[in-house]
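**Q** Pasting in a structure now, in structure tokens, and then I'll have a few things to ask.
The values are calculated or read from the model by the stated rules, or taken from the named source; none is laboratory data. Please read these numbers as outputs of a predicted model, since none were measured by experiment. No Cβ is skipped: glycine too gets one built from the backbone with ideal geometry, and neighbour counts run over all protein chains shown.
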Amino acid sequence: MEISCIGTAGQSYSSTGDLAAPRLSCKNIFNNRRIGNALAFFCLSPAAAGKKARAAFDDRYGPLLVSGLPSGLPTLGNQKFVNRVVFDDEGRPRGQWKLVVPSKDTLAVLVRPDAGLDADETSALVDQVRAAVKASGLTADGPVDTKVAGASVLVAALSDRAVRDVPVLGALALAAIGLCFMAATWIRRSRRLLPMATTVVAILVTVATLGWLGRPLTVAVIAFLSVLLGIGSYYPTYLAMRAGTRTFVTVVAASAFSLGTLALSPLPLVRDVGLVLALGVLLAGVSAWLARPWLSDVLVAAEAASPETVGGAPSHRARLVAVPLLGVLALGAAVGWVDLAKVPLTTDVDDFAAGLPQLAEARDVETVLGSSGEVSVVLGSPDVLRPPQLAWMRTALAGIVEDHGDQMRPIVSMPA
């Protein structure tokens, strides 16, 4: 018996075989009826079959969904459902969604960088996020304002600014110190830049030593190299002024040890600055000592023979002027110390980024989000899903909310 399959577009497919197990090329059979001695199967295309299946589903379960789910199917494609879950009856975001939907016209996308990223990787990540936001082609009925902010953005901006500004600051320091020595008319013209030159050599050797030791240069260390330039220029000046060997060694050693005490700090940033400054001062002293043959005659003949250069006891008139001046300075210092006790100690790390446009954007984002950071409470255990661990997390969460509910709010927690 011949079996005909008639498609919706008018195509006819036929096959012969047993009625109990027909081999048909049409897969979406929705109806069949006998026409004479033939059995006709009416078929649908895959798209039409899917549409008919959804219609059958709606007819069967639609009334149940409407009564049980007033907002429709719980999917992100159902805007009515999303609005009902995220917003309250007055159109304001519900409390549990404040982190990602701070207000009815603001949406936050949170990106958490991986741990252990260095400055270059952090900067590259920030650039990638900015590029993704720009390429998203986000549109709306009104103007769309996007901001990329956070700790990683500030770190990347601060690093980039330091890399750009430190060479400029170093050049300005060289120019300022060079002008001071060039204005010293009591130094031979051909030797006026010699004290600064010995210090520059010491700085170059200091940086090279860090490279030999495999220690990276931090932003703070690079910034303090200009300070080392000013301090190191003192020591060749002592030798030029006929200072004794013991005086010279004492001054260099005292400066190096005083700066080296910063290396005792537990903060790596402060410790690196102390080590570099102490090493640089010692190398500046060694460089000045090696340049003694050229420093011994840097003064012009009249200056070298003057009594002020050789030194002597201060006159009685000088003492009469110095005593009242020291009294005024001591009184001013005492007033300053009294007022200093009333001034709070500033420890805000944001002060390092003051003046950066990224900090202003971060402040704007904090205002919109209603928070300025994140505190993570992490429990480490072989099995954190056991009842004692879960009970501890509930207790910790409740304690934080009770004691600091006016300063912070929970974001996400497993017991919650």
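**Q** If you go through segment 223-275, how many residues are modelled with pLDDT of 90 or more and either touching an Asp or Glu at 6+ places or on another chain (Cβ under 7 Å) or among the aromatic types (Phe, Trp, Tyr) (or both)?
**A** Of the residues in that region, 1 qualify.
**Q** Name the residue, out of VAL126, VAL82, that is among the hydrophobic types (A, V, I, L, M, F, W, C), touching a helix residue (DSSP H, G or I) at 6+ places or on another chain (Cβ under 6 Å), at pLDDT 75 or above and not in a loop (DSSP other than H, G, I, E, B).
**A** VAL126
**Q** If you don't mind, another one. Please indicate, with yes or no, whether at least one residue in segment 282-291 is in contact with a Gly (Cβ under 8 Å, 6 or more places away or on another chain), of a type in the set (Val, Ile, Thr), in the same structural domain as ALA171 (by TED's automatic domain parsing) and surrounded by 14 or more Cβ atoms within 10 Å (Cβ to Cβ).
**A** No, segment 282-291 has no match at all.
**Q** Inspect segment 251-270 for any residue being hydrophobic (A, V, I, L, M, F, W, C) and farther than 28 Å from GLY214 by Cβ and give the result as yes or no.
**A** Yes - at least one qualifying residue is present in segment 251-270.
**Q** Taking ALA173 and the conditions (1) of a type in the set (A, V, I, L, M); (2) at pLDDT below 85; (3) under 28 Å from VAL219 (Cα atoms), which numbered condition does it fall short on, given that it satisfies the others?
**A** Result: ALA173 passes all but (2).
**Q** Looking at (1) under 19 Å from ASP272 (Cβ atoms); (2) touching a residue at least 40 places away in the same chain (Cβ under 8 Å); (3) not small (Gly, Ala, Ser), can you tell me which one TRP212 breaks?
**A** (2)
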